[in-house]
Amino acid sequence: MTPAAGFLSLGQATSRTILQRSSARGRLQRTLLVHGPAGSGKGAFVDDLLALLLCQAAGGERPCNACLGCRQARARTHPDLVIGSPERWREGRSTGESIVAAARTWLAEGAGAPIAGERRVILIEGVDRANEQTQNALLKALEEPTSRHMFVLVADEPTRVLPTIRSRSQALRVGSVPRAELVAWLVDRERLPVDQADALSRIAGGMAGTAIGYARNPHLVEWRRRTQRELLGLLGRGRADRFSSVRDLLDDAARLGIEQPAAEEMPVTEEGARPTSGAQREAALLIVEAWLGLARDLAVSAAGRPQIAAAAALDPELPELAEEIGQAAIRDFIALLERIRDGLRQNAAPRLALEVAMLAWPTRAAR
């Protein structure tokens, strides 16, 4: 059954409107920068964007999702679609060739003439994970745009993209989805009961990719709750107990393997297909994401909205606990966890990173 015309991804009304209006008026910039957190559903949004750019329909709503161009774009097999990323350049380089040189070669090859349509689309995933030299090589290609080429850049963190690249790009943010829309999608597509779909939407913070990942991997939800329950318990325990818990938490997370929500959006560095040298860093990233979710639930509880905190089911005293810790301390801890997450993505030592977080995790009197 052919899907209806239009975008198939969830939410993103602003970015969707910008794209469709600009495309209809022939005013799309030659470089588009799609950005948003891991788990936000950037992959599905990019699929829509590629279909829009390569759609062959003469009229009506675009993408039509019926023509060969749309189908090949979504399958990423279109002859005028060229796909690159730091890990592709790393894996495809010749012996002794640097990643920068491999990227330059790839960019030169991608600058060829379109084969089947009016334009060639050059998709670069994880542009924010490319080093400065590689991004400068990309910049040279962007400085000389032609009507026959369109660049689509994808990033988790746009601030890691060179300002000179960002200034030449039309930014398209992919973020959280309204809860009602995400819940309806989970009920309709994943066949979840409404209460379960609502719970997953809250746990995922409205991030479509993460929510879908949890829906398809229920054991991850149980692991997350178990981990958050342990972290809540550590609020009333001393430094020795906290440090000893780090190893247990890492071992428990590592047993999940590398599969996790939105795995296709996990960070990849130029030194390897993963940001880690082993499963331990993968496990640490999972723990930090669960910890961030718990800390944000504490923050909304401290702000007087415990009813929207997914972690409230773990501890009925969450509002009192949040009030005792205080909004400022919770806010500072969230900022620290975000820095720790960034450090892990840049190959920080997993156990040390979690021990730093344990030292900063607020302490309260045992209940």
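The values are calculated or read from the model by the stated rules, or taken from the named source; none is laboratory data. Values in this document were obtained by computation on a predicted structure and should not be read as measured data. Here the Cβ is made from the backbone with ideal geometry for all residues, glycine too, and neighbour counts use every protein chain on show. Heavy atoms of the whole protein, side chains included, go into the accessibility calculation; ligands, DNA and RNA do not. Shrake-Rupley method; radii C 1.70, N 1.55, O 1.52, S 1.80 Å.
Counting only helices (runs of 4 or more DSSP H) wholly contained in segment 31-92, the ones carrying 3 or more residues that are at pLDDT 95 or above occupy 42-54, 68-75.
You will find that of Ser15, Ser23, the residue that is among the polar types (S, T, N, Q) and either touching a residue at least 60 places away in the same chain (Cβ under 8 Å) or under 26 Å from Leu200 (Cα atoms) (or both) is Ser15 and no other. Of everything in segment 98-123 that is touching a helix residue (DSSP H, G or I) at 6+ places or on another chain (Cβ under 8 Å) and more than 17 Å from Leu54 (Cβ to Cβ), the residue that is most open to solvent (accessible area, probe 1.4 Å) is Arg104. Taken over segment 155-178, the criterion of being in a loop (DSSP other than H, G, I, E, B), β-branched (Val, Ile, Thr) and more than 12 Å from Ser40 (Cα to Cα) is satisfied by Val161 alone.
Scan segment 301-320 residue by residue and report those that are buried (at least 21 other Cβ atoms within 10 Å of the Cβ), part of a helix (DSSP H, G or I) and hydrophobic (A, V, I, L, M, F, W, C). Passing the criteria: Ala302, Ala310, Ala311, Leu318. Within segment 325-341, restricting attention to residues that are of a type in the set (D, E, K, R) and touching a helix residue (DSSP H, G or I) at 6+ places or on another chain (Cβ under 9 Å), the residue that is least open to solvent (accessible area, probe 1.4 Å) is Arg341. Taking segment 78-100 as the range and being within 22 Å of the chain's Cα centre (by Cα) and hydroxyl-bearing (Ser, Thr, Tyr) as the test, only Ser85 passes. Can you spot a residue in segment 200-220 that is modelled with pLDDT of 90 or more, surrounded by fewer than 22 Cβ atoms within 10 Å (Cβ to Cβ) and not hydrophobic (A, V, I, L, M, F, W, C)? No.
Of the residues making up segment 5-29, those that are assigned to a helix (DSSP H, G or I) and open to solvent by less than 50 Å² (accessible area, probe 1.4 Å) number 4.
Going by the structure shown, is Glu181 surrounded by fewer than 19 Cβ atoms within 10 Å (Cβ to Cβ), in contact (Cβ under 8 Å) with a residue 24 or more places away in the chain and part of a helix (DSSP H, G or I)? Answer is yes for this residue. With respect to the conditions (1) in contact with a Pro (Cβ under 8 Å, 6 or more places away or on another chain); (2) more than 30 Å from Gly293 (Cα to Cα); (3) aliphatic (A, V, I, L, M); (4) open to solvent by less than 10 Å² (accessible area, probe 1.4 Å), Leu33 lacks only one, and its number is (2). Flag: Asp80 does not match the condition of being of a type in the set (D, E, K, R) and in contact with a Ser or Thr (Cβ under 8 Å, 6 or more places away or on another chain). If you go through segment 140-152 and pick out every residue that is surrounded by fewer than 16 Cβ atoms within 10 Å (Cβ to Cβ) and at pLDDT 90 or above, you end up with 0.
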